[in-house]
Amino acid sequence: MSRNFTVVQSITDRLIINDTKAFEELYYTYWHSLYVFGLRKLHFAEDARHLVRDIFIDVWNKRLHLAASVPLSEYLYEEGKKGIIKCLSKKITSENNLELNTEKLILTEQASPALSSKTIQIAGKKDPFSTYGLNMQEHRKLVRYVNGEEVPPDNWKTNAWLSETKPNTYLTPQVKKQLEKEILVEIQTATEYLLFFPKKEKPWWQKIAAMI
């Protein structure tokens with residue numbers, strides 16, 4: 001069966017042979033869409049930035065195992081949704097832990113003020129007899145939210161960052177270009193993929209001049 005070599009499939013094939021130019025083509029094509037998608041769901045520019053960085057770091061690390069049958073645009077979008085769910089899950093769990101620890105501290109102070117300092121010391125430790133992760137209902141709501149389905153904010157325990165207000169996703173050309181460059185540098189630093197760049201051959205006349 002012959003393959004239909006689209007541009008995206010060509011990039012997938014080139015990534016398998018460590019073609020860093022193909023990787024950057026992929027990055028320049030999709031980074032901004034992923035950033036805007038992340039910003040709309042996460043509401044924090046830094047979280048959206050980390051989302052883009054982590055996705056492309058993961059793509060480079062898994063470049064030898066990418067399925068040519070799966071469009072890279074679809075793959076990146078699915079990885080974006082997974083990253084957003086992971087980030088929001090951490091936020092919910094963290095805030096739930098804070099609420100539980102605060103309640104413990106208040107109850108301890110009411111029962112015995114002398115024990116409050118000890119409670120503060122252990123407040124950050126996870127209770128081995130309870131689970132602070134998302135329950136099934138919270139997880140389903142989170143998945144619906146990431147998929148664009150309406151989830152009433154009143155149904156969430158913590159909704160300060162998960163509101164109906166839409167964050168400003170517009171970037172000026174100058175800011176966009178700078179952000180694009182900064183994220184790419186972070187990816188390069190984390191993966192060291194620049195080491196795969198082929199060395200440029202010197203022109204024949206330079207080789208001859210070096211021998212004289």
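The values are calculated or read from the model by the stated rules, or taken from the named source; none is laboratory data. The structure displayed is predicted, hence computed values, not measured ones. All Cβ positions, glycine included, derive from the backbone under ideal geometry; neighbour counts span all protein chains shown. The area values use the complete protein model at the heavy-atom level, side chains included, leaving out ligands, DNA and RNA. Shrake-Rupley method; radii C 1.70, N 1.55, O 1.52, S 1.80 Å.
Return the only residue of THR165, THR158, THR169 being open to solvent by less than 80 Å² (accessible area, probe 1.4 Å), in a loop (DSSP other than H, G, I, E, B) and modelled with pLDDT under 75. Steps first, answer last, please.
On the way: THR165 fails: open to solvent by less than 80 Å² (accessible area, probe 1.4 Å); THR169 fails: modelled with pLDDT under 75.
Going through THR165, THR158, THR169 in turn, the sole match is THR158.
Inside the range 172-212, can you point out the residues that are assigned to a loop (DSSP other than H, G, I, E, B), modelled with pLDDT under 80 and closer than 17 Å to TYR27 by Cβ?
The first filter runs over the range 172-212 and keeps only residues assigned to a loop (DSSP other than H, G, I, E, B), leaving 172, 192, 197-203, 212.
In the following step, the residues that additionally are modelled with pLDDT under 80 were identified as 197-203, 212.
The answer is PHE197, and nothing else.
Based on this model, can you work out whether ALA67 counts as outside any helix (DSSP H, G or I) and either in contact with a helix residue (DSSP H, G or I) (Cβ under 6 Å, 6 or more places away or on another chain) or open to solvent by 30 Å² or more (accessible area, probe 1.4 Å) (or both)? Walk me through how you get there before you give the answer.
Working: outside any helix (DSSP H, G or I): yes; either in contact with a helix residue (DSSP H, G or I) (Cβ under 6 Å, 6 or more places away or on another chain) or open to solvent by 30 Å² or more (accessible area, probe 1.4 Å) (or both): yes.
Yes, satisfied.
When both residues are 6+ apart or on different chains and their Cβ atoms are under 6 Å apart, which pairs have a first residue that lies in the range 44-73 and is under 17 Å from GLU24 (Cβ atoms) and among the basic types (Lys, Arg), and a second that is modelled with pLDDT of 95 or more and assigned to a helix (DSSP H, G or I)?
ARG53/ILE183; ARG53/GLU186; ARG53/ILE187
Every residue in the range 27-68 that is in contact with a Gly (Cβ under 8 Å, 6 or more places away or on another chain) and among the aromatic types (Phe, Trp, Tyr), please.
Of everything in the range 27-68, just one residue is in contact with a Gly (Cβ under 8 Å, 6 or more places away or on another chain) and among the aromatic types (Phe, Trp, Tyr), namely PHE37.
Within the range 26-42, can one find any residue that is of a type outside the set (Val, Ile, Thr), open to solvent by 50 Å² or more (accessible area, probe 1.4 Å) and either in contact with a Pro (Cβ under 8 Å, 6 or more places away or on another chain) or part of a loop (DSSP other than H, G, I, E, B) (or both)?
Yes, that holds for at least one residue.
Pairs, please: C-beta under 6 Å, at least 6 apart or cross-chain, first residue at pLDDT below 65 and in the range 6-18, second of a type in the set (A, V, I, L, M)?
VAL8/LEU72
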